[in-house]
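Taking it in order: structure first as structure tokens, then the write-up.
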Amino acid sequence: MKNKNFLESVKCALAGLHNGFVSEKNFRIYTVIGLAFLIFHLLLKADSYDYVIFIILSSFVFSAEYMNTAVERAIDRLGEGVHEDFRFAKDVAAAAVLVSGIAFFLGEGIILISKLAG
């Protein structure tokens with residue numbers, strides 16, 4: 001069902017943010033990790049460039065996690081064991097989270113190591 005207006009779309013998106021956060025443990029784990037990185041940025045007096053990278057990387061990993069959650073929920077509703085393509089789709093969606101998570105940790109690690117070393 002298509003939303004009637006922009007405000008309705010925003011309400012649905014906010015509901016999605018809430019639902020993903022309360023229903024998936026990984027969202028809460030990434031939130032804690034993200035807050036830890038943010039605290040390190042504050043303590044090490046990161047510049048605006050570092051914060052922009054942090055925002056991009058954390059948005060990337062959260063977006064992938066939300067998409068993975070949506071794919072898994074839809075496939076589980078259809079019946080996971082019904083078709084090999086369902087398992088494939090879930091595995092590929094999970095791989096997107098893995099790739100974004102690795103990018104998040106590597107990017108943030110490089111920034112923090114360079115701050116500590118310099």
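The values are calculated or read from the model by the stated rules, or taken from the named source; none is laboratory data. The shown structure was predicted, so the numbers you read here are calculated from the model rather than taken from an experiment. For neighbour counting, all protein chains shown are included, and Cβ atoms are generated from backbone atoms with ideal geometry for every residue, glycine included. Heads up: the accessible areas ignore ligands, DNA and RNA and are worked out on the full protein's heavy atoms, side chains in. Shrake-Rupley method; radii C 1.70, N 1.55, O 1.52, S 1.80 Å.
LEU38 meets the conditions (1) touching a Phe, Trp or Tyr at 6+ places or on another chain (Cβ under 9 Å); (2) open to solvent by 60 Å² or more (accessible area, probe 1.4 Å) in every case but one. The failed one is (2). Among the residues of this structure, VAL52 does not count as one that is of a type in the set (A, V, I, L, M), surrounded by 14 or more Cβ atoms within 10 Å (Cβ to Cβ) and in a helix (DSSP H, G or I). In region 1-33, what residues are of a type outside the set (A, V, I, L, M, F, W, C), part of a helix (DSSP H, G or I), without any contact (Cβ under 8 Å) to a residue 60 or more places away in the chain and within 20 Å of ILE102 (Cα to Cα)? Passing the criteria: LYS25, ARG28, THR31.
From the list LEU38, LEU44, pick out the single residue that is under 17 Å from ILE110 (Cα atoms) and touching a Leu at 6+ places or on another chain (Cβ under 9 Å).
Of LEU38, LEU44, the one residue that is under 17 Å from ILE110 (Cα atoms) and touching a Leu at 6+ places or on another chain (Cβ under 9 Å) is LEU44.
Going by the conditions given, is SER59 farther than 30 Å from LEU116 by Cα and either of a type outside the set (Asp, Glu) or open to solvent by 40 Å² or more (accessible area, probe 1.4 Å) (or both)? Answer is no for this residue. Scan region 62-118 residue by residue and report those that are surrounded by fewer than 18 Cβ atoms within 10 Å (Cβ to Cβ), touching a residue at least 24 places away in the same chain (Cβ under 8 Å) and either of a type in the set (Lys, Arg) or touching a His at 6+ places or on another chain (Cβ under 9 Å) (or both). LEU112, LYS115, listed by residue number. Among the candidates ALA36, ALA46, the residue that is touching a residue at least 60 places away in the same chain (Cβ under 8 Å) and among the small types (Gly, Ala, Ser) is uniquely ALA46.
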